[in-house]
Amino acid sequence: ALSLRHRGVSEEQPVVPIFMPRCLEFAVGYIAALSAGGAYLPLEVGYPAEMLRRVLAEAKPVLTLTLESQAAKLPADAPRLCLDPGWEEACALLPAELAALPSLATSLESLAYCVYSSGTTGEPKGISCPHRGSVLSYSHRAHHAPYAADGSDREACNVFFVWEMLRPLLQGATLVVVPDSVI
């Protein structure tokens with residue numbers, strides 16, 4: 001998250017596309033985007049090249065989180081950060097860089113995520129969602145459908161429905177990422 005902020009992710013430049021198969025790094029990426037004050041934009045690795053180009057041109061991201069195995073599918077001019085082994089070292093910041101980061105002012109109205117849908121028109125269009133909906137949903141579920149206090153509950157999630165992955169993590173339950181091969 002700190003590296004994303006250092007690279008320009010902010011409430012003014014919030015959109016962080018995530019272009020990789022369903023995996024642990026996908027979850028790391030969307031949590032980093034949110035923690036940086038940004039909003040995640042899940043992109044399917046199976047998108048046609050033209051759709052991917054159009055979505056990225058419209059979103060105007062500071063960078064896209066991906067893996068080396070997927071990076072060549074991105075438009076050549078798309079800034080990217082690959083979360084392959086060793087990404088932690090590549091994202092480390094110096095103390096002076098950390099000190100220069102501005103404080104965050106994320107609110108319930110701040111952008112949390114964007115998804116693209118072709119809806120009834122067949123043309124991709126972005127749907128932008130603030131934190132308010134997710135926060136109210138998490139709060140309601142925490143009070144009315146809590147996880148077991150002993151930590152024995154586990155929840156399996158399809159990473160595309162990223163907002164659902166935060167619920168178990170926020171309550172200390174085990175999250176199991178359902179990989180593409182199972183989906």
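The values are calculated or read from the model by the stated rules, or taken from the named source; none is laboratory data. Computed from a predicted structure; not experimentally measured. Ideal geometry is used to build each Cβ from the backbone, glycine not excepted, and the neighbour counts take in all protein chains shown. For accessibility, only protein heavy atoms count, side chains too; no ligands or nucleic acids. Shrake-Rupley method; radii C 1.70, N 1.55, O 1.52, S 1.80 Å.
Points to keep in mind about this one:
- Taken one residue at a time, the phi angles of the stretch 173-181 give Karplus couplings (6.51, -1.76, 1.60, θ = phi - 60°) of 8, 7, 10, 10, 7, 7, x, 3, 4 Hz. Gly and Pro are set to x.
- Using the Karplus relation 6.51 cos²θ - 1.76 cosθ + 1.60 with θ = phi - 60°, the per-residue 3J(HN,Hα) values for the stretch 131-148 come to 5, 3, x, 5, 4, 5, 5, 4, 4, 4, 5, 5, 8, 9, 8, x, 6, 4 Hz, with x marking Gly and Pro.
- Cα gyration tensor of the stretch 112-183 - equivalent ellipsoid semi-axes, whole Å, descending: 27, 17, 8
- Additional length obtainable on full extension of the chain from V178 to S107, 0.36 nm per residue less Cα span: 22.5 nm
- Rounded to whole Hz, the Karplus (6.51, -1.76, 1.60) HN-Hα couplings of the stretch 16-33, x for glycine and proline: 10, x, 10, 10, 6, x, 5, 6, 4, 5, 4, 5, 4, x, 6, 5, 4, 4
- Accessible carbon and sulfur surface of the stretch 1-156 relative to its total accessible area, %, 1.4 Å: 59
- Between A112 and C129, H131, the built amide H atoms are under 5 Å apart, and every one of these is 5 or more places off in sequence or on another chain.
- Estimated from helical segments only, the mean residue ellipticity of the chain at 222 nm is -9500 deg cm²/dmol, where each DSSP H run of four or more residues counts as -39500 (n - 2.57).
- For L83, residues with placed amide H under 5 Å, excluding near neighbours: T66, L67, E68
- For the chain: relative contact order, % (alpha-carbon pairs under 8 angstrom, 6 or more apart): 22
- Multiplying the residue separation of L93 and H140 by 0.36 nm and removing their Cα-Cα distance gives an extension gain of 13.2 nm.
- Using the 1.4 Å probe convention, the accessible area of the chain works out to 52 Å² per residue with neighbouring protein chains retained.
- Spin-label model distance (nm) - R53 vs D153, 7 Å beyond Cα toward Cβ: 4.6
- Restriction of the GluC sites (Glu not before Pro) in the stretch 1-49 to DSSP coil positions whose beta-carbon has at most 11 other beta-carbons within 10 angstrom yields E12.
- In this structure, the amide hydrogen of Q171, modeled 1.01 Å from its nitrogen in the peptide plane, lies closer than 5 angstrom to no residue at least 5 positions away or on a different chain.
- q = 0.20, 0.25, 0.26 Å⁻¹, the stretch 78-148: log10 I(q)/I(0) [Debye, one scatterer per Cα]: -1.02, -1.03, -1.05
- Three semi-axes describe the equivalent ellipsoid of the stretch 33-183; taken as square roots of 5 times the Cα gyration tensor eigenvalues and ordered largest first, they are 27, 22, 18 Å.
- Neighbour cut-off at most 14 other Cβ (10 Å), DSSP loop, GluC sites (Glu not before Pro), the stretch 94-173: E109
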